[in-house]
Amino acid sequence: MKAIGILVLVYVITIGTVSLVHSAGPSDERARNAFKMILSQADKNKDGNLSLAECKAMFKDAAIGEKKCSFWDANHDGIITEDEYASQAMSLQRKK
């Protein structure tokens with residue numbers, strides 16, 4: 001069961017975000033909702049943020065996890081906040 005939850009989270013992070021960006025672009029609300037979905041499964045200490053360790057735990061490949069999680073941690077403080085996630089999702093649209 002845990003493996004299924006992790007696969008869903010990885011999907012949301014990679015495919016889900018990419019599809020949001022390539023459509024009309026993610027709205028702030030949609031990005032925040034995606035972050036909340038990720039938190040519901042990955043926020044082990046229930047602090048409302050995603051630590052890099054919690055983020056990386058969702059990936060089988062450590063190098064991929066490091067790269068993807070580092071992107072979402074925009075200020076590189078080791079914590080991915082809802083604001084950072086939404087901002088980074090919006091930045092993907094601007095780069096398009």
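Values in this text are rule-based calculations from the coordinates and carry no lab data. Since the model is a prediction, treat every value here as computed from it, not as a measurement. We place every Cβ from the backbone using ideal geometry, glycine too, and count neighbours over all the protein chains shown.
Between LYS46 and ALA62, what is the spin-label point distance in nm, taking each point 7 Å from the Cα along the Cα→C-beta axis?
Label-label distance for LYS46 and ALA62, simple model: 3.1 nm.
Can you bin segment 32-96 into rounded, prolate or oblate? Criterion: square roots of the alpha carbon gyration tensor eigenvalues sorted a ≥ b ≥ c, rounded for a/c under 1.5, prolate for a/b above b/c, oblate for the rest. Let's see the in-between values first.
Details: a/c = 1.67, a/b = 1.20, b/c = 1.40.
Oblate shape, in that a/c is at least 1.5 and b/c is the bigger or equal ratio.
What does the net charge come to around LEU39 if you take all other residues with beta carbon closer than 14 Å to its beta carbon, with K and R at +1 and D and E at -1? Numbers along the way, then the final one.
Working: positive: ARG32, LYS36, LYS44, LYS46; negative: ASP43, ASP47, GLU54, GLU82, ASP83, GLU84.
Summing Lys/Arg as +1 and Asp/Glu as -1 gives -2.
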